[in-house]
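Novice: Supplied in structure tokens, the structure appears directly below.
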Amino acid sequence: MTVEPSIYFNEVNERQGVFHRRTFILGGLAGLSSIALIGRLADLQVVEAQQYSNLSEKNQFNFRVVVPPRGRILDRNGVEIASNRPDFRLVVRRNEVQDLDQTLDRLSQLIPLTAQRKRQLLREVSIAPRAVPVAIATGLSWEEFSRVAVRTPELPGVTAEMGEARVYPFGGAFSHVIGYVSKVSADDIKKEPNPDQLMFHPGFRIGKQGVEKALDQALRGKPGGQKVEVDSVGRVIKEDPGGDVAPTPGAEVVLTLDADIQNRALQVFGQESGAAVMMDIRTGDVLCLLSAPSFDANQFVSGAPAAYYKALAEYDHKPLLDKALAGTYPPGSTFKTMVALAALEHGVDPKRAYYCAGAWQFGNHTFHCDKHHGSQDMHSAIVTSCDIFFYNTALTVGPDRIADMARRFGLGQIFDIGIPGQKKGLVPDTEWKRRTFAKSNPANMKWFPGETPSMGIGQGYTNVNPLQLCVMVSRLANGQKALHPRLIKSVGGVEQQPPTNIPDLPVDKAHLQFVRAAMADVTTEGTAKATGQLDLGPLMMAGKTGTAQAHSYAGGHGAHGAVGAWELRDHAWFVAFAPYDDPRYAVSVLVEHGGFGADAAAPKAREIMRVALLKDPELRSRIEKPLILDTPPDTPPPLPAGTPA
Amino acid sequence: MTASALTRPGQRERLTEKIAEIDWRLCALLLAVAGIGGMILYSAAGNSWGPWADKHMIRFGLCFALMLVLSFVDLRAWFALAYPIYAFALFLLLLVPVLGHTSLGAKRWIFGIQPSEVMKIGLVMALARFYHGISAREAQLSWKLLIPAALIGLPTLLVAKQPDLGTALLLVFTGAGVMFLAGLSWRLLAAGAIMACAAVPPFIMFVLKDYQRKRVLTFLHPEEDPSGTGYHILQSKIALGSGGLLGKGYGLGTQSQLNFLPEKHTDFVFSTFAEEFGLIGCVGLLALYAGVVAIALRVASVSHSHFGRLSAAGVTVTFALYVLINAAMVMGLAPVVGVPMPLMSYGGTVMVTVMVGFGLVQSVRVHRYLEITSGRGSLL
């Protein structure tokens, strides 16, 4: 600038004036901006403060899921059937680990970790959701666990957890009833309407069968939370025990089962296949619900080895099938009780006798009987289990009346006992045939007369499961009420299906007594004379044997009993109640392909019954101090006249 | 200073007199703000002097001393050095692309300094020097205004090219501020503003680098990408909002302590402060900054020379822009452009720039009666 600009005084003043005005404006603008910023701050820090405060806490704290102890399952006397044992495990969380490879290397110096398992873990962790822990090892010994636990500071992301694992103290005795728990599968998660965090935890197990499945929600409990403070990359800065939420343990389930009876039942079956069901005939409580052979439910808790599962699935005795509920078999001669009741109700004279010559011609078919029984009336036909009598009687009564009677006793019916998996079986009648074959085979819609004699001895289409037969005997023994079986006694202290308002059993009491008396003679002089004796002083057991064909014998009468290939042998049945003079317990025993009911099933029923009777203090006192009284307290009412002794 | 006209010649040149003329209220406010900064950096490091708080306070101490020394520099020297400093800064800016040192994807450094920072002071001085020499009428509307436009435009382009969008914007706004204070015609101002607004969309679409465009778009829709680019804004808002009215307490800011808040010690130090001290604390802190601006503007308006007025006001405008842009940025009202909070954010360069600026302001105050009548400063 070579020429000094001529700035005059007024201009100088003007420049200064402009500057002052403009400075004032600019200062005002800055002031306004500041006020706007403070407004924004007030909006964030006062109006929306709560929202951001929540977000901040969500940033700051994570909750680690704490698996609640699963509810115990107890028998009626408080004996643990399913319980929990301490389980030491190591888990790793993806969001807390930095170098998993290195961490696993360090871990493998402390606990056995194969290279293959390490690769598998790397893959598992990489696909697991961020905060969901992945189990590195479970079922560690205390030494291994503590060895890792003291070194966790050097193993970021690895947590040594002391959890609980399901344990079934009796191994196999209850496997079919209570089922088992197992690892959560992808399907399980899909089925859940909104799967909670718990389901992703490696320590959590889900009920897969039986009571464990049916009452899974109640048994689970509510997960707790371990509050931890985390930084922005998810590393745990510190734990906050004050913020921990304790898990709510699962509800305790009490069953009506009696562990002693159930265990004895499994014991008496040995290697044999079958089922045993026992009920308290005053309440309907199921005291025993066994299917044999069984399997060790404990194996499934940590994931059953494939070989173990394969062996179970392939064994012809079908250990995985619950035969007490899902196995249906022809009832055989045990069904004769129903035929007799139907006949009595129909007005058939119990003294009406038929002559048994071992075989009986009907149409162009010859029906057989085990023996040559001679003249048989209704009482003796039940005692000796004469088929010829019941062929004839069934023809007199007709299938529909027999079926109606059988249904009144619970056959062909599914009972709501709180666990799934029952098979209905079948009590056939003419209507059923019409309906069933209407489309598939119209020629077979008609009930053929030749089908009635088979039904009279519990064969043909007739199919029942052991639970139904036990209900049948219970109602027969009770005589008053149409009892309903009950398995779940209480859930979390709440009584389930209390035995009130049981409907009456619409059957003539005198008829029932007639059948009961005949059943009493079965064990004293009839088919189960040798095997149905309790040997418990004054206590007598009444029962009925059954030997059911497992397949139809081509070309007439084949070899009965325990001969031939196992899968072709007859099914053995025995149903019974005791004591005869004051009935308390009813039992049904099936021995699959066991041969004769009296030989295979009755001894088992007797042993199971003895346990129940000896556990009952009232009955035990009768056994130990036989009453010497002028008048016996519970003399059975006199049998109908004309009954042969 | 009503008795100002009654001083003896040479009296004001005496050091004791000059020390008395320094604005100690301004010094106290600067000390307070920097002290709060040190305190927050101590908390952000998890109650530790290292690695930020100690260095911050030492730097401030040195810069404070530098400011006091600069206060005594005669205003005529500032005046005379205005163009040379500007030219020097411009020269360095031209050298940056050639010799610059790349850091974080941008070439901003040369010989250990950032030329753009030198330019912040240089531009203010050059503009003040220019307007000192023209009349009010010319400052309002004349062809001569192409010169300040060029003075602003050249360095802005060079800085934007580095790329350093924050500093470029700061240069433009500072320059525009000085032009406005000098008396730019309202019409021209309006036209410029409209043109600037019209230029923004094409500028965003074509001139900006990808990461810069992303920042701007994220600013407009932060919710769309909460873990990516929007993360900074979201976490900053969480820090601010969760602070509430009274704050979480000193040293208890979880967002900063647990590192959810990114850049908690630099660009987002205000959020760190807000989380721990709440709305009350923020209003107090902004009041301190407002106090600094008000005093500095007051210093500018009492200066007898136009150069003094404009240079002090220019520095103040820069300082106020830093504060406003940074605060708006952390509150989610402006894109994340990397403008720190002066005197609080950890970082030496800005501290030096700001304190040299306040050295100029103090010098204007100390020499407020000085008339600069000649383009050739009497010192030269």
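The values are calculated or read from the model by the stated rules, or taken from the named source; none is laboratory data. Since the structure is predicted, the reported quantities are computational estimates derived from the model, not experimental observations. All Cβ positions, even for glycine, are placed from backbone atoms using ideal geometry, and neighbour counts span all protein chains on display. Just the protein is used for accessible areas: all its heavy atoms, side chains included, with ligands, DNA and RNA removed. Shrake-Rupley method; radii C 1.70, N 1.55, O 1.52, S 1.80 Å.
Novice: I need the helices (runs of 4 or more DSSP H) fully contained in the stretch B:6-72, keeping only those with at least 3 residues that are closer than 24 Å to B:ALA287 by Cα and open to solvent by 30 Å² or more (accessible area, probe 1.4 Å).
Specialist: Where helices (runs of 4 or more DSSP H) fall fully within the stretch B:6-72 and carry at least 3 residues being closer than 24 Å to B:ALA287 by Cα and open to solvent by 30 Å² or more (accessible area, probe 1.4 Å), they are B:24-44, B:53-71.
Novice: Sticking with this structure for a sec: Return the residues of the stretch B:230-266 that are surrounded by fewer than 21 Cβ atoms within 10 Å (Cβ to Cβ), at the interface with chain A (Cβ under 7 Å from one of its Cβ atoms) and polar (S, T, N, Q); say none if nothing qualifies.
Specialist: Hit for the stretch B:230-266 is B:ASN259, nothing else.
Novice: Determine whether the stretch B:188-207 contains at least one residue that is open to solvent by less than 10 Å² (accessible area, probe 1.4 Å), part of a helix (DSSP H, G or I) and at pLDDT 75 or above.
Specialist: The answer is no; no qualifying residue exists.
Novice: Ok, one more. Scan the stretch A:479-496 for residues that are open to solvent by 10 Å² or more (accessible area, probe 1.4 Å), touching a helix residue (DSSP H, G or I) at 6+ places or on another chain (Cβ under 9 Å) and either at positive phi or assigned to a helix (DSSP H, G or I) (or both) and jot them down.
Specialist: Of everything in the stretch A:479-496, just one residue is open to solvent by 10 Å² or more (accessible area, probe 1.4 Å), touching a helix residue (DSSP H, G or I) at 6+ places or on another chain (Cβ under 9 Å) and either at positive phi or assigned to a helix (DSSP H, G or I) (or both), namely A:GLY492.
Novice: Taking the stretch A:138-160 on its own, how many of its residues are touching a residue at least 60 places away in the same chain (Cβ under 8 Å) and surrounded by 20 or more Cβ atoms within 10 Å (Cβ to Cβ)?
Specialist: The total comes to 3.
Novice: Take the residues in the stretch A:41-72 that are surrounded by fewer than 16 Cβ atoms within 10 Å (Cβ to Cβ) and more than 56 Å from the chain's Cα centre (by Cα); name whichever of them is nearest to the other protein chains (Cβ to nearest Cβ).
Specialist: My answer is A:VAL46.
Novice: Still on this structure, please answer the following. Would the stretch A:357-364 turn up any residue that is open to solvent by 10 Å² or more (accessible area, probe 1.4 Å), in a helix (DSSP H, G or I) and touching a Lys or Arg at 6+ places or on another chain (Cβ under 8 Å)?
Specialist: no
Novice: Do any strands (runs of 3 or more DSSP E) entirely within the stretch A:200-263 hold 2 or more residues that are surrounded by fewer than 19 Cβ atoms within 10 Å (Cβ to Cβ) and within 14 Å of chain B (Cβ to nearest Cβ), and if so, which? Steps first, answer last, please.
Specialist: Values: elements: A:224-230, A:236-239, A:253-255.
Counting at least 2 such residues, we get A:224-230, A:236-239.
Novice: Just to check your reading of the model, which residue among A:ILE38, A:ILE25 is over 15 Å from B:GLU275 (Cβ atoms), modelled with pLDDT of 90 or more and more than 7 Å from every other protein chain (Cβ to nearest Cβ)?
Specialist: On the way: A:ILE38 fails: more than 7 Å from every other protein chain (Cβ to nearest Cβ).
On inspection, the qualifying residue turns out to be A:ILE25.
Novice: I need the full set of residues from the stretch B:119-148 which are assigned to a loop (DSSP other than H, G, I, E, B) and of a type outside the set (Gly, Ala, Ser), in order please.
Specialist: Of the residues in the stretch B:119-148, the ones assigned to a loop (DSSP other than H, G, I, E, B) are B:133-135, B:141-142.
If the condition is that a residue be assigned to a loop (DSSP other than H, G, I, E, B) and of a type outside the set (Gly, Ala, Ser), then B:ILE134, B:LEU141 are the ones that fit.
Novice: Next question, about the same structure. Is there a residue in the stretch A:431-451 that is at pLDDT 90 or above, in the same structural domain as A:GLY546 (by TED's automatic domain parsing) and in contact with a strand residue (DSSP E or B) (Cβ under 7 Å, 6 or more places away or on another chain)?
Specialist: No, because not a single residue in the stretch A:431-451 is at pLDDT 90 or above, in the same structural domain as A:GLY546 (by TED's automatic domain parsing) and in contact with a strand residue (DSSP E or B) (Cβ under 7 Å, 6 or more places away or on another chain).
Novice: Please go through (1) within 26 Å of B:PHE206 (Cβ to Cβ); (2) hydroxyl-bearing (Ser, Thr, Tyr); (3) open to solvent by 70 Å² or more (accessible area, probe 1.4 Å) for B:THR167 and return the number of the only condition it doesn't satisfy.
Specialist: (3)
Novice: Just the residues that are touching a Pro at 6+ places or on another chain (Cβ under 8 Å), open to solvent by less than 10 Å² (accessible area, probe 1.4 Å) and more than 11 Å from chain A (Cβ to nearest Cβ), please, taken from the stretch B:123-164.
Specialist: Answer for the stretch B:123-164, where residues must be touching a Pro at 6+ places or on another chain (Cβ under 8 Å), open to solvent by less than 10 Å² (accessible area, probe 1.4 Å) and more than 11 Å from chain A (Cβ to nearest Cβ): B:LEU123, B:LEU127.
Novice: Which residue is surrounded by the fewest Cβ atoms within 10 Å (Cβ to Cβ), if the candidates are limited to the stretch B:306-334 and must be part of a loop (DSSP other than H, G, I, E, B) and facing another protein chain (nearest Cβ under 10 Å)?
Specialist: Here the answer is B:LEU333.
Novice: Here is a list of conditions, (1) more than 9 Å from chain B (Cβ to nearest Cβ); (2) surrounded by 17 or more Cβ atoms within 10 Å (Cβ to Cβ); (3) over 30 Å from A:VAL167 (Cα atoms), and A:ASP101 meets all of them except one; can you say which number that is?
Specialist: Condition not satisfied by A:ASP101: (2).
Novice: Further question: Which residues, taken from the stretch A:330-345, are open to solvent by 10 Å² or more (accessible area, probe 1.4 Å) and either closer than 14 Å to A:LEU426 by Cβ or of a type in the set (Ser, Thr, Tyr) (or both)?
Specialist: Correct list: A:PRO330, A:SER333.
Novice: Could you figure out which of (1) assigned to a loop (DSSP other than H, G, I, E, B); (2) touching a helix residue (DSSP H, G or I) at 6+ places or on another chain (Cβ under 9 Å); (3) among the polar types (S, T, N, Q) isn't true of A:THR159?
Specialist: The failed condition is (1).
Novice: From the list B:ALA327, B:ALA287, which residue is under 14 Å from the mean Cα position of the chain (by Cα) and not polar (S, T, N, Q)?
Specialist: B:ALA327
Novice: Further question on the same structure: For the stretch B:267-276, which residues satisfy the criterion of being more than 9 Å from chain A (Cβ to nearest Cβ) and outside any loop (DSSP other than H, G, I, E, B)?
Specialist: Residues satisfying the conditions are B:VAL269, B:PHE270, B:SER271, B:THR272, B:PHE273, B:GLU276.
Novice: Among the numbered criteria (1) in contact (Cβ under 8 Å) with a residue 40 or more places away in the chain; (2) touching a strand residue (DSSP E or B) at 6+ places or on another chain (Cβ under 6 Å), which single criterion is violated by A:GLN98?
Specialist: A:GLN98 satisfies all of (1) in contact (Cβ under 8 Å) with a residue 40 or more places away in the chain; (2) touching a strand residue (DSSP E or B) at 6+ places or on another chain (Cβ under 6 Å) except (2).
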